[in-house]
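What follows draws every value from the coordinates through simple rules; no lab data is involved. Quick caveat: nothing in here was measured; it's all calculated off a predicted structure. Quick reminder, even Gly has a Cβ in these numbers, built from the backbone with ideal geometry, and neighbours come from all protein chains shown.
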Amino acid sequence: MKLKVGDIAPDFNLPDPAGKTHRLTDCRGQKAVVYFYPKDNTPGCTRQACAFRDSFAALRELNAVVFGISRDGGESHLKFAEKYNLPFILLSDPELKAIEAYGAWQQKTSFGKTYMGIVRSTFVIDENGVIIKIFPKANPDTNAADIIQFLKSSDS
């Protein structure tokens, strides 16, 4: 299933590092930024997470909650969040439920080898759970700023 703008975003039910379960439907009434990334503490993922950290206040002002989702477990997420002082929610999806539902699990190629992995992608979801913007191959360095610019230009 390929998601597109205008679709209802698939709900998820995933744990944060403390074991608390988060659902997308719990965020109704505010915007949600759901970004999928390959792995904690890797260069691109760290740059992307730190950009979201640095943009967190601006995103909150735009009534947006941020979820970062990867296959990493809670302990890895906790260390990653503590090391970089990440104020947003990191969720673990080792069974690929949300990752596959959003189409972020795709074939990738690196050094001539083909494998399945998470494609860095971001979804902006409105207050009613509708996808309003998709960044299918998000740039880790500009993703947070691109989202803020999009939200400011589309805010009514």
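Quick one: residue 116 ticks every box in (1) among the hydrophobic types (A, V, I, L, M, F, W, C); (2) over 13 Å from the mean Cα position of the chain (by Cα); (3) farther than 18 Å from residue 42 by Cα bar one, so which box is it?
For residue 116, the exception is condition (3).
Do we have residue 133 as closer than 20 Å to residue 98 by Cα, in contact with a helix residue (DSSP H, G or I) (Cβ under 6 Å, 6 or more places away or on another chain) and surrounded by fewer than 20 Cβ atoms within 10 Å (Cβ to Cβ) here?
Yes, satisfied.
In segment 1-58, which residues are closer than 21 Å to residue 125 by Cα, of a type in the set (Asp, Glu) and within 14 Å of the chain's Cα centre (by Cα)?
Once the filter is applied, which keeps residues that are closer than 21 Å to residue 125 by Cα, of a type in the set (Asp, Glu) and within 14 Å of the chain's Cα centre (by Cα), segment 1-58 yields 11, 16.
Checking the conditions here, which among 3, 14, 62, 91 is within 18 Å of residue 119 (Cα to Cα) and touching a Leu at 6+ places or on another chain (Cβ under 8 Å)?
Working: 3 fails: touching a Leu at 6+ places or on another chain (Cβ under 8 Å); 14 fails: within 18 Å of residue 119 (Cα to Cα); 62 fails: within 18 Å of residue 119 (Cα to Cα).
Matching residue, one of 3, 14, 62, 91: 91.
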